[in-house]
Amino acid sequence: MRSKDTKEIIEYVTETVTRRTDAIDGTIATLEKIKDKLATSDLTVKEAQAIVNEEIAKSFGSVAESLKAKGSSEAEIKSAIEWIECTGSRLTEKAKSLAKRIAEQQKKHVKANIDGMKRWTGLGVSLAILPFTCWLLNKIYPWFMDLAFPELSNKAASAKKNKYNKPQEVANGDNK
């Protein structure tokens, strides 16, 4: 086995980098196309998925055609580096099931929105019942204190005070 010279290595690296950047550019172009259609029309997820599927098929078709022209068999085509690094492979990896990815993102957002709503609802309910609970406490607290702690209660203290401060009738010596 002979070693590759520097020129062959540079060509191989250049080809590989070119293939990868072309695949990435193709993926970005497809996603930009979907983004533009979303901004200008009412594109459904099904239509966006159709665009992705069409680009995948077109990419795989052109790679398979070029590899067949070079004399590759079906098995060789599927394992060729051009097939693995084409736009179709990148799109399959990143956006094969667009609906699934959208659903995953929606699930995260909905969960966050529900959690936020629970917090605000709890705060609102707490603030709504606060006046009622304060009123109830003002009504029940004196009654409870009189029953549970009569010696600490104002009622017991005022009764004691009234007991000793009652006007007394003094009998004058006229007992007839």
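Odds and ends about this structure:
Table: residues versus (1) surrounded by 14 or more Cβ atoms within 10 Å (Cβ to Cβ); (2) assigned to a loop (DSSP other than H, G, I, E, B).
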{"site": "K7", "(1), (2)": "no, no"}
{"site": "V17", "(1), (2)": "no, no"}
{"site": "I34", "(1), (2)": "yes, no"}
{"site": "D42", "(1), (2)": "no, yes"}
{"site": "Q49", "(1), (2)": "yes, no"}
{"site": "K58", "(1), (2)": "yes, no"}
{"site": "K78", "(1), (2)": "no, no"}
{"site": "R90", "(1), (2)": "yes, no"}
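- Among the residues making up segment 26-51, those that are touching a residue at least 24 places away in the same chain (Cβ under 8 Å) and under 21 Å from I81 (Cα atoms) are G26, T27.
- Test result for I34, within 15 Å of R101 (Cβ to Cβ) and not basic (K, R): yes
- Test: K100 is in contact (Cβ under 8 Å) with a residue 12 or more places away in the chain, within 27 Å of R20 (Cβ to Cβ) and either surrounded by 12 or more Cβ atoms within 10 Å (Cβ to Cβ) or among the basic types (K, R) (or both): no
- Among the residues listed as S89, S59, the single one being in contact (Cβ under 8 Å) with a residue 60 or more places away in the chain and closer than 21 Å to L31 by Cβ: S89
- Within segment 63-83, one or more residues are assigned by TED's automatic domain parsing to the domain that holds T16 and either touching a His at 6+ places or on another chain (Cβ under 6 Å) or at positive phi (or both).
- Flag if R119 is closer than 17 Å to K58 by Cβ, assigned to a helix (DSSP H, G or I) and basic (K, R): no
The values are calculated or read from the model by the stated rules, or taken from the named source; none is laboratory data. Computed from a predicted model, the values in this text were never measured in an experiment. Quick reminder, even Gly has a Cβ in these numbers, built from the backbone with ideal geometry, and neighbours come from all protein chains shown.
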